[in-house]
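Here's the structure we're looking at; comments come further down.
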Amino acid sequence: MTTTSARPGHLTPLHSIVAAPSGHLVLVDVPMATYLMLDGTQDQDAHEFEEAVATLLEVSAQLRMFVDEPGDLFGPMPVEILRPSVDDPAWDEAVGGRHWTAMTPQPASVTPALLAVLRDRVPICADPAVVRRLRVGSLREGLCAQVTVPGGPSGLSDLRLRFLAQIRVLGYEPSGPQHEIHIATLRPEGRVPVRSVLRQPIRRAW
């Protein structure tokens, strides 16, 4: 993994991240974004996680039928995952080391009230108990280090510790959960994402 794009004080535009060469660590300033979210406390490979992904995709597709905003993307959105940073003992202790949040981006017009309307009016095939756990939330990550790699979640396993080491070389430290972004839709039937992004909120090390 190289860091040629990650000079201190140099921020790379978000829209150029996916097109960036694989393995290049960059710094980005991530603005507020709206997500459909589902929290879990089991192993990410367990059945609960697969069901969470399937439910997110189904309900997200239904939500997008309720909004009509010029410029919004209505195609399948990435599946994204928040989970404890590999080297964040405080966060790990707070969630017992097993917490994850699966989520997918939404237009700003998608609100908790709209999600409630959808639950009441639209037939959803997913388990009603899982649908009730869905929430609409906002996330503002701010300054982050980010790297793009080919493949899906398995391609990130060997990258995490090296990624954090490079962050420290640049004079930063982790500040919040790690964020995985899988650019192709991650579906339980086995379609593999073609590109993944690993993002880590950071702050200056003092």
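Of note:
- Residues located in the stretch 105-126, provided they are part of a helix (DSSP H, G or I), in contact (Cβ under 8 Å) with a residue 12 or more places away in the chain and either open to solvent by less than 50 Å² (accessible area, probe 1.4 Å) or closer than 22 Å to His182 by Cβ (or both): Leu114, Leu115, Val117, Leu118
- Listing of strands (runs of 3 or more DSSP E) fully contained in the stretch 1-74 that carry 3 or more residues being open to solvent by 20 Å² or more (accessible area, probe 1.4 Å), at pLDDT below 85 and under 26 Å from Ile167 (Cβ atoms): 2-5
- Test for Leu114: is it out of contact with any Asp or Glu (no Cβ under 7 Å at 6 or more places or on another chain) and modelled with pLDDT of 85 or more: yes
The values are calculated or read from the model by the stated rules, or taken from the named source; none is laboratory data. These numbers come from a predicted model, not from an experiment. Note: ideal-geometry Cβ built from the backbone for every residue, glycine included; neighbour counts use all protein chains shown. For the accessible areas, the whole protein counts, side chains as well, though only heavy atoms, and no ligand, DNA or RNA atoms are used. Shrake-Rupley method; radii C 1.70, N 1.55, O 1.52, S 1.80 Å.
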